[in-house]
Amino acid sequence: MDSNKNLKAYIEKGKIPSLDIGMAKALRNAKDTDGYEIGFTGNWSTSILAPNVTLPKLPKEQNFDNEKLFVKYDNMTCKYSPYYAMDGDPSTAWSEGVDGDGVGEILLTFVDVRKKVKIWTGYGRTEEIFRNNNRPKDVTLYIFEALKTSDGTISITLKDLVLRGQIELTLKDENGYQEIVLPKVKLTGSKGTVGNPEARFTVLGIKINSVYKGEKYEDTLISEVSN
């Protein structure tokens, strides 16, 4: 799975051209059960840890009968993708994929910034795994709003995202949810086929500035960011 190599430059300018997200996730009314939505959020971070797995062989051509095999294959390469920081399951996680502690890496998450936001830092699968890996400590948070949207069959494209505010804070080092207090920002709404006059499509960016060091590994993970 490819990450977004241009994301840092976009955030510095305060504008992100577009981001795709699965329809169920965007409308917050269902969970993705077949794996089709996982790949859409591949470019929601500056890097992604490549999983250490043996990938199965695929048929030479994809068709209706073997389509799910290809979906499963793609998802095996996405084990630490941004999707897993937004799937409601703290036993899965996004992980940065650069050498060292991942300082400077950025994750984007789809949340409603008008509501309470909570984060589960580190890899929350078990207490041992949590302690073995890095956890973000000091972070910069960026609040973006999509000015336009367009919808496809199973995905939504957020367009013309603009920076509405940012804040620096220090996260607690605990294996569980903690609330993030965001600054109040003015939102103008998103125009598009999935929108309405009251619709607000907001994205929260999280930049790692420092970490709580893991006892065994250098990978820095975030298990969940949600309302």
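Could we say that LEU141 is out of contact with any helix residue (DSSP H, G or I) (no Cβ under 9 Å at 6 or more places or on another chain), exposed (fewer than 15 other Cβ atoms within 10 Å of the Cβ) and in a strand (DSSP E or B) here? Judged against the criteria, LEU141 is not a match. Screening ASN227 against (1) in contact with a Leu (Cβ under 8 Å, 6 or more places away or on another chain); (2) closer than 25 Å to ILE38 by Cβ; (3) surrounded by fewer than 20 Cβ atoms within 10 Å (Cβ to Cβ); (4) polar (S, T, N, Q) leaves a single unmet condition, (1).
State all residues of region 128-138 that are surrounded by 16 or more Cβ atoms within 10 Å (Cβ to Cβ), touching a residue at least 40 places away in the same chain (Cβ under 8 Å) and over 18 Å from ILE206 (Cβ atoms); if no residue qualifies, say none. Within region 128-138, just ARG131 meets the criteria.
Sub-8 Å Cβ pairs linking a first residue in region 97-123 that is without any contact (Cβ under 8 Å) to a residue 24 or more places away in the chain and over 15 Å from PHE144 (Cα atoms) to a second residue that is assigned to a loop (DSSP other than H, G, I, E, B) and of a type in the set (Phe, Trp, Tyr), at least 6 apart or interchain, number zero. Scan region 1-48 for residues that are among the small types (Gly, Ala, Ser), modelled with pLDDT under 95 and either surrounded by 19 or more Cβ atoms within 10 Å (Cβ to Cβ) or under 13 Å from the mean Cα position of the chain (by Cα) (or both) and the total you get is 5. Applying the set (1) outside any strand (DSSP E or B); (2) out of contact with any helix residue (DSSP H, G or I) (no Cβ under 9 Å at 6 or more places or on another chain); (3) crowded, with 20+ Cβ neighbours inside 10 Å to LEU204 leaves exactly one unmet item: (1).
Inside region 149-194, residues that are assigned to a strand (DSSP E or B), within 18 Å of LYS25 (Cβ to Cβ) and in contact with a strand residue (DSSP E or B) (Cβ under 6 Å, 6 or more places away or on another chain) make up a count of 9.
Of all residues in region 49-87, those being exposed (fewer than 14 other Cβ atoms within 10 Å of the Cβ) and either at pLDDT 90 or above or in contact with a helix residue (DSSP H, G or I) (Cβ under 8 Å, 6 or more places away or on another chain) (or both) number 6.
The values are calculated or read from the model by the stated rules, or taken from the named source; none is laboratory data. Note that the coordinates shown come from a computational prediction; the quantities given were computed from them, not determined experimentally. As a convention, Cβ positions derive from the backbone with ideal geometry for all residues, glycine included, and neighbour counts pool all protein chains shown.
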